[in-house]
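Notes for the one structure printed next.
The values are calculated or read from the model by the stated rules, or taken from the named source; none is laboratory data. This one's a predicted model, so the numbers in the text were calculated from it and none came from an experiment. For neighbour counting, all protein chains shown are included, and Cβ atoms are generated from backbone atoms with ideal geometry for every residue, glycine included.
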Amino acid sequence: MDYSILEKYGKKISVLFVEDDEEVRKQLGFLLNDIFYKVDIAVNGLDGLKKYTEYYDKNKKYYDLIITDIDMPLMNGIELIHEIFYKYCKQKIIVLSAHNDSKYLMELINTDIYHYVLKTFSSEELLSLFCKVTKEIYEKENFINIEKNSIIKLSEDLFWNSTLKQIYYKNEIFKLTKKEFLLLELLLTCTDKVYTINEIIEYIWKDEPLKNPDISNLKNLISRLKRRLPSLNIDNFYGVGYKISF
C-alpha cells in the first residue's frame, strides 16, 4: 500500500470520530489527528450527531468521513448512522466495533456504510483502509471543484476534463488504454471537426510506424471503447472519418 497518499491528501480531509471508550478515543484520536486535516471527537452518538449538525451549520458542508463505534450510551452507532444518512445519504462512514454479533451486522447490512472493522484490527489494516478512503474522497472532491470551463459533458454520466486529460464515468476516473486515450484526446481537441481516418490513424499509431495499421484497427479500437463506455457517442461519417457528438 502506498502510504504517501495519506501524506499527500490526508491534510485536506475532515473527520468526525465517535467513540465512548476513553482509551480507544485517546489512542485512535492521536493517529487520526496525525493523518487528517481536522478531527472532531464525540463521546457518544448523541454528541456525535450534535457535532455533525454544528459542523454543517458552520461550514455549509458535511464532514468528509465519519468513524464511529456501535455500542454507545444515549444513542448507539446504528441510530447515529440512520440520522446521518437522513441528512446526507452519500456520507462515507467507517464502523469500528468490538462486536462480531450477527444482530449488529444484520442491521448494518441495510445501511450503506463504507466499511466495518473489528477493533482487533492491525495498524496496517487501518492505514490501508484510510489510504483507500482518502484517495476516493480526494478524487471526488477534485472532480467536483474543477473549473466548469475545463469540463466537457459528453453524456449524463460521462465527462471529459480538458485540463487533466481524464474521462470521468459515473463520477469516477475511468482508466483508458493508451490508444483509447489518444483517440479521445484527438477527437475532443476540436469537437466540431470530423477527423479523417488517416488523421486519426496517424495520431494514434505515430509511435508504431512498423505496425502499418489500417481502418480495421481503428474500427476495432472504437468498437471496444464504445462497449466499455456505452454512453460515448462517436459518429462515423462514411468514407470521411469520425467525430465526437454530445
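With respect to ILE66, is the statement that it is in a loop (DSSP other than H, G, I, E, B) and in the same structural domain as ILE13 (by TED's automatic domain parsing) true?
no
Quick one: would you say GLU180 is of a type outside the set (A, V, I, L, M, F, W, C), out of contact with any strand residue (DSSP E or B) (no Cβ under 6 Å at 6 or more places or on another chain) and touching a residue at least 12 places away in the same chain (Cβ under 8 Å)?
Judged against the criteria, GLU180 is a match.
Looking for whichever is at pLDDT below 85, touching a helix residue (DSSP H, G or I) at 6+ places or on another chain (Cβ under 6 Å) and not assigned by TED's automatic domain parsing to the domain that holds LEU184 here; the options are GLU125, GLU107. Which one fits?
It is GLU107.
Out of the residues in the stretch 9-39 that are of a type in the set (D, E, K, R) and assigned to a loop (DSSP other than H, G, I, E, B), which is nearest to ILE84 (Cα to Cα)?
My answer is GLU19.
Considering only the stretch 135-246, give the strands (runs of 3 or more DSSP E) lying wholly within it that have at least 3 residues that are surrounded by 14 or more Cβ atoms within 10 Å (Cβ to Cβ).
151-155, 158-161, 166-169, 241-244
Residues in the stretch 206-214: is at least one at pLDDT 90 or above and not small (Gly, Ala, Ser)?
no
Any idea which residue in the stretch 10-27 is modelled with the lowest pLDDT, counting only those that are crowded, with 20+ Cβ neighbours inside 10 Å and under 18 Å from THR134 (Cβ atoms)?
This residue is GLY10.
Read through the list (1) assigned to a helix (DSSP H, G or I); (2) within 20 Å of GLU23 (Cβ to Cβ); (3) of a type in the set (A, V, I, L, M), then give the number of the only condition that LEU96 fails.
(1)
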